[in-house]
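Working notes for the structure below.
The values are calculated or read from the model by the stated rules, or taken from the named source; none is laboratory data. Small disclaimer: the values here were computed from a predicted structure and weren't measured. All Cβ positions, even for glycine, are placed from backbone atoms using ideal geometry, and neighbour counts span all protein chains on display. Only protein heavy atoms, including side chains, enter the accessible area calculation; ligands, DNA and RNA are left aside. Shrake-Rupley method; radii C 1.70, N 1.55, O 1.52, S 1.80 Å.
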Amino acid sequence: GEGSCAGTDTSGEDCDDDNVCTTDSCVPATGCVNPPNALPCDDGNECTKDATCAQTLCIGGAAPNCDDGNVCTDDSCSPDEGCVHTANGASCDDGNACTTLDTCAESICVGGAAPECDDGNVCTDDTCTAEEGCVFTPNQAVCSDGNECTTGDVCAGANCIPGSVPLDCNDDELCTSDSCHPVDGCVNTANDLPCDDGSV
């Protein structure tokens, strides 16, 4: 009866209250006792870890770290499933300097269009490397320095260097003054200098 234990069993088997957070036993003088314990327990929530008993209740511990380190997933936690990683369409960086406007697709960062690497300088070869991005390498191409009075202009050190031979503007006419204008090139202006028409 009450205040006694069945036979000599004091293990508490007959006193089981179905609560893992109590330690069940039987004391012959008083009967069943179910004091709270602080044992590890399972609170049934996948979004808590290291649950322990406190005041006869199973209390969940800290939330798990669901960060998968992938900017292309939204990380969350479901009490039934635990960590959930849902694909998103966020902006990202695929680590390739030769792509722009990278975006996430199916949990992977996908590179966008190539960058515009044309620097507008005929004296550089324009390329792109995944590590550095746009690279402008000086070349030795034929070029124009913008001065119509120079010929044989060539690239050196990423600049257009005037050729060493000036433009020949001599029209072999004695009655013109021959000159060169940097924008217009050769200018042969009529003059009134004395000349010999070859008649006797």
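Of note:
- Among the residues of the stretch 31-58, those that are in a loop (DSSP other than H, G, I, E, B), open to solvent by 40 Å² or more (accessible area, probe 1.4 Å) and of a type outside the set (D, E) comprise N34, P35, A38, L39, G44, N45, K49, Q55, T56.
- Every test in (1) open to solvent by 40 Å² or more (accessible area, probe 1.4 Å); (2) at positive phi; (3) within 41 Å of the chain's Cα centre (by Cα) is passed by D67 save one, and that test is (2).
- Meets criteria (touching a strand residue (DSSP E or B) at 6+ places or on another chain (Cβ under 6 Å), of a type outside the set (S, T, N, Q), farther than 30 Å from N37 by Cα and at pLDDT 95 or above) for C109: no
- Put simply, of G112, G89, G61, G69 the only residue that is in a loop (DSSP other than H, G, I, E, B), touching an Asp or Glu at 6+ places or on another chain (Cβ under 6 Å) and more than 30 Å from N139 (Cα to Cα) is G61.
- Subset of the stretch 141-200 (residues that are in contact with a Ser or Thr (Cβ under 7 Å, 6 or more places away or on another chain), open to solvent by 60 Å² or more (accessible area, probe 1.4 Å) and polar (S, T, N, Q)): N188, T189
- Lone unmet requirement of (1) of a type in the set (D, E); (2) surrounded by 13 or more Cβ atoms within 10 Å (Cβ to Cβ); (3) farther than 30 Å from P138 by Cα for D94: (3)
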